[in-house]
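Structure provided below as structure tokens; questions to follow.
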Amino acid sequence: MEGSNPQQIGEIESERRWYRAQSVLHANPRRHSLTRCGTFKLSMPCYARFLFLLLCLVLLGECRKHKSRKKRWSAPAEAHKPGSPLSKKVADGTKTRKVKTSHLLRIDEHDFTMRPAFAGPAVPVGVDVQVESLDSISEVDMDFTMTLYLRHYWKDERLAFPSTTNKSMTFDGRLVKKIWVPDVFFVHSKRSFIHDTTTDNIMLRVFPDGHVLYSLRVTVTAACNMDFSRFPLDSQTCTLELESYAYTDEDLMLYWKSGDESLSTDDRISLSQFLIQKFHTTSRLAFYSSTGWYNRLYINFTLRRHIFFFLLQTYFPATLMVMLSWVSFWIDRRAVPARVSLGITTVLTMSTIITGVNASMPRVSYIKAVDIYLWVSFVFVFLSVLEYAAVNYLTTVRDGKDRKLREKVREQSQNLPCTCGMSHARTMMLDGTYSEADANSLAGYTRASMAAEDASEKQERMVVHLSLDNEPTGNKKKGIRGFRIIQNTHAIDTYSRMIFPGAYILFNLIYWCVYC
């Protein structure tokens, strides 16, 4: 190898060293790692080392970012913003609470089937009511329906709990079944229920010192004893009564929590037929012979009926029917179909009005104010029909008497004596002068119809009146004075035109003065 270039000699030496390293690698791999590393460092160019160092710096920066990300996720979760992706669930605080409600209120440590301070003094239970709506008043069933918020206040030291903030805890109806609550019920109620949409409308609020507020929303239908003697000009007072079912006044004392202010109402409450005048509260003891004395609370409200509806539907139609029946007094008595049909129509209409009013009322055993008005109106209508029946009957009787007299005089007309020497009055009668009764009997005819009569008929009438004029003076005066109105059928209609309206107006004045 003499004469070789030193550079060639160096390359040959490098190759020898590399072959030695390979032989050592197969003989001892652990030692090869060091040898390889050393060889790599010796043979690595400068720019390769620079790239290696840059790669190490990049890896170190990624490691630091990963550590900071872990710290951020371990911090308390922030509020989730709308629109941002939810990367992790929010922790549920109820799962970390170690003390349960039953343990805090010590429900399992006491027997809540017994009242507070059992065998001790009576438990005072305050009550207040907020009336939400007065739904309906039924005269037929004699009841009313009301929706209200019923609240109870009492103290139960068994429910006291420690609290640093002195704040109350609010629960729903599920806790009510585990503790003692007052057994208040509605006296004389027909139907009642607690609203359950969307859940049971029950609220229970417990304070740290043991005071309890129990509230529920109830709709109740209760009986109301109504007096209809002045219907529809009446006022009704209905009462809703509250009482404990099991506990007497020695165990439970019910009272209005704030006196008269314990009852509040909504200003928007209104009814179609009634005007709500006032609400007020009272309380007193109720005695039962088998169980004892109980505290009873009363919610009283007074209602006054609106009269305008009944004026339009009952009073005005009845008055118009009575006035319509008076029209027959101005119709000719010979128009039988017109007067009869008018009378029957008004009578049937009054019967329909009376039936319609009584159908919407309970079957009470006393007379109502509206019954007096309707039945008196019915009597007036019925009397107008009877008036025409009397007029028609008297007219028929009189016509029959006149016919008999004409037949009797016709037989004597053949031997009629001479009128010479007769008085001037009788001569005038024969010449065509008629008495007052005959003039009234001919009032329904016109001059044309009277002129159309034949001479024989006219002569018969003259003879009839002549014979009547020859009757004894005493009998004639009795017939004219005693039965003048009865004989004169036109006078009956004339007097009826004044008597019927006057009597009905007088009745209305007395009726409205008494009941208003």
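Working out 0.36 nm times the residue gap between K278 and M142, then minus their Cα-Cα distance, what length gain in nm do you get to one decimal?
On the way: separation 136, 0.36 × 136 = 48.96 nm, distance 1.97 nm.
Extra length from K278 to M142 when fully extended: 47.0 nm.
On the accessible surface of segment 120-274, probed at 1.4 Å, how many percent belong to carbon and sulfur atoms? Walk me through the intermediate numbers first.
Working: 3610 of 7710 Å².
So the carbon and sulfur contribution to the accessible surface is 47 percent.
Sticking with this structure for a sec: Per-residue HN-Hα couplings for segment 156-165, Karplus 6.51 cos²θ - 1.76 cosθ + 1.60 at θ = phi - 60°, whole Hz, x for Gly and Pro?
Karplus-based 3J(HN,Hα) across segment 156-165 equals 10, 5, 5, 9, 5, 9, x, 8, 7, 9 Hz.
Please list V385, V357, V514 in order of solvent-accessible area, largest first, computed with a 1.4 Å probe with all protein chains present.
On the way: V385 45, V357 20, V514 90 Å².
The ordering from most to least exposed comes out as V514, V385, V357.
I would also like to ask the following. List the residues whose amide H sits under 5 Å from the amide H of R305, counting only those 5 or more places along or on another chain, with H placed 1.01 Å from N in the peptide plane.
Answer set, sorted by chain and number: D234, Q236, L275.
Beyond a 24 Å Cα-Cα separation, which of these cross-linked pairs lie in this structure: K167/K257; K155/K190; K155/K278? If you can, show how the numbers build up before the last one.
Values: K167/K257 22 Å; K155/K190 31 Å; K155/K278 32 Å.
Pairs exceeding the cut-off: K155/K190; K155/K278.
Follow-up question, since we're still on this one. At 1.4 Å probe size, with no ligands or nucleic acids counted, give the accessible surface of F50 in Å², nearest ten.
The value for F50 is about 140 Å².
Net charge around Y315, counting only other residues with Cβ within less than 14 Å of its Cβ (Lys, Arg = +1; Asp, Glu = -1)? Can you show the working numbers first?
Values: positive: R305, K368; negative: D371.
Result for the neighbourhood of Y315: +1.
Got a number for the accessible area of E139? Probe 1.4 Å, square angstrom, nearest 10.
Probe radius 1.4 Å; accessible area of E139 about 20 Å².
Sticking with this one: Could you sort 51-60, 215-224 so that the peptide with the highest average Cβ count within 10 Å comes first and the rest follow in order? The partial results should precede the final answer.
Details: 51-60: 9.4, 215-224: 18.5.
Ranking the peptides 51-60, 215-224 by packing returns 215-224, 51-60.
Still on this structure: Could you give the length gained on full extension between R398 and L59, defined as 0.36 nm per residue of separation minus the Cα-Cα distance, in nm? It would help to have the intermediate numbers written out before the result.
On the way: separation 339, 0.36 × 339 = 122.04 nm, distance 14.16 nm.
Result: 107.9 nm gained on full extension.
Can you list the residues, at least 5 places off or on another chain, whose amide H is less than 5 Å from the amide H of L252, using H built in the peptide plane?
V123
To continue, here is another question. Tell me the net charge near D227. Cut-off is 13 Å between Cβ atoms, D227 excluded, with +1 for each Lys or Arg and -1 for each Asp or Glu.
Neighbour charge sum, excluding D227 itself: +1.
Karplus couplings for segment 276-285 from phi (6.51 cos²θ - 1.76 cosθ + 1.60, θ = phi - 60°), rounded to Hz, Gly and Pro as x?
Once θ is set to phi - 60°, the couplings for segment 276-285 become 6, 8, 6, 10, 7, 10, 9, 7, 6, 8 Hz.
Using a Förster distance of 41 angstrom, determine the FRET efficiency expected from the C-beta separation of L509 and M169, and round it to 0.05. Don't jump to the answer; show the numbers that get you there.
Details: r = 69 Å, r/R0 = 1.68.
Calculated transfer efficiency: 0.05.
Computed over the Cα atoms of segment 208-325, what is the ratio Rg over Rh, Rh following Kirkwood?
Expressed as Rg/Rh, it is 1.15.
So how do H188, H110 rank on accessible area, 1.4 Å probe, biggest first, that is with the largest at the start?
Numbers: H188 115, H110 65 Å².
From most exposed to least exposed: H188, H110.
Here's another thing I want to ask about it. Starting from the Cα of N201, step 7 Å toward the Cβ, then list every residue of segment 139-160 with an amide N under 13 Å from that point.
146-151
Accessible area per residue of segment 96-190 at 1.4 Å probe, in Å²? The partial results should precede the final answer.
Numbers: 5280 Å² over 95 residues.
So segment 96-190 comes to 56 Å² accessible per residue, rounded to a whole number.
The values are calculated or read from the model by the stated rules, or taken from the named source; none is laboratory data. Computed from a predicted model, the values in this text were never measured in an experiment. In this analysis, Cβ positions are derived from the backbone assuming ideal geometry, glycine residues included, and neighbour counts consider all displayed protein chains. Surface accessibility is based on the protein's heavy atoms, side chains included, excluding ligands, DNA and RNA. Shrake-Rupley method; radii C 1.70, N 1.55, O 1.52, S 1.80 Å.
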